[in-house]
1. Can you name the residue in the range 14-40 that is more than 15 Å from residue 52 (Cα to Cα) and charged (D, E, K, R) and is also modelled with the lowest pLDDT among such residues?
2. Those residues that are of a type in the set (Val, Ile, Thr), open to solvent by 70 Å² or more (accessible area, probe 1.4 Å) and modelled with pLDDT of 85 or more, I need them from the range 56-93; list them, please.
3. Of all residues in the range 34-93, how many are in contact (Cβ under 8 Å) with a residue 40 or more places away in the chain and assigned to a helix (DSSP H, G or I)?
4. Residues of the range 26-55 being exposed (fewer than 12 other Cβ atoms within 10 Å of the Cβ) and within 30 Å of residue 83 (Cβ to Cβ), which ones?
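The values are calculated or read from the model by the stated rules, or taken from the named source; none is laboratory data. Please read all numbers here as calculations on a predicted model, not as lab measurements. Positions of Cβ are generated from backbone atoms using ideal geometry, with glycine treated the same way; all protein chains shown enter the neighbour counts. Side chains included, ligands, DNA and RNA excluded: accessible areas come from the protein's heavy atoms. Shrake-Rupley method; radii C 1.70, N 1.55, O 1.52, S 1.80 Å.
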Amino acid sequence: EIKHARLAMLAAAGWPLSELFDRKIAAALGWAPLVDETNRVPSLLNGGLGKVSPAYWAAVLLVASAIDVYGLTKVNNKDYTPGDLQFDPLGLK
């Protein structure tokens with residue numbers, strides 16, 4: 001449950017941040033922005049998912065799978081806390 005809660009928190013933060021910064025980041029990289037004219041990100045609710053590259057979805061699945069497999073290698077460790085992958089770049093522990 002901890003892993004899913006953390007994923008939900010990232011999604012909750014990522015959705016509005018993507019609406020705020022998509023145009024700026026796309027302009028800096030020379031890409032077309034994915035948000036629509038009302039600055040809504042592509043979703044199942046408002047359409048537009050066809051604008052997202054299949055390579056992006058493949059990369060997302062690959063990274064998510066790699067993280068999950070890494071987590072599975074830690075399960076047998078007696079000091080393991082579910083969802084804790086020892087990744088704390090801000091030193092919040």
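1. Once the filter is applied, the top-ranked residue is 37.
2. Here is the first cut: in the range 56-93, the ones of a type in the set (Val, Ile, Thr) are 60, 63, 67, 69, 73, 75, 81.
This time we only want the ones that are open to solvent by 70 Å² or more (accessible area, probe 1.4 Å), so: 63, 67, 69, 73, 75.
Matches in the range 56-93: 63, 67, 69, 73.
3. 1
4. 43, 44, 45, 53, 54, 55, listed by residue number.
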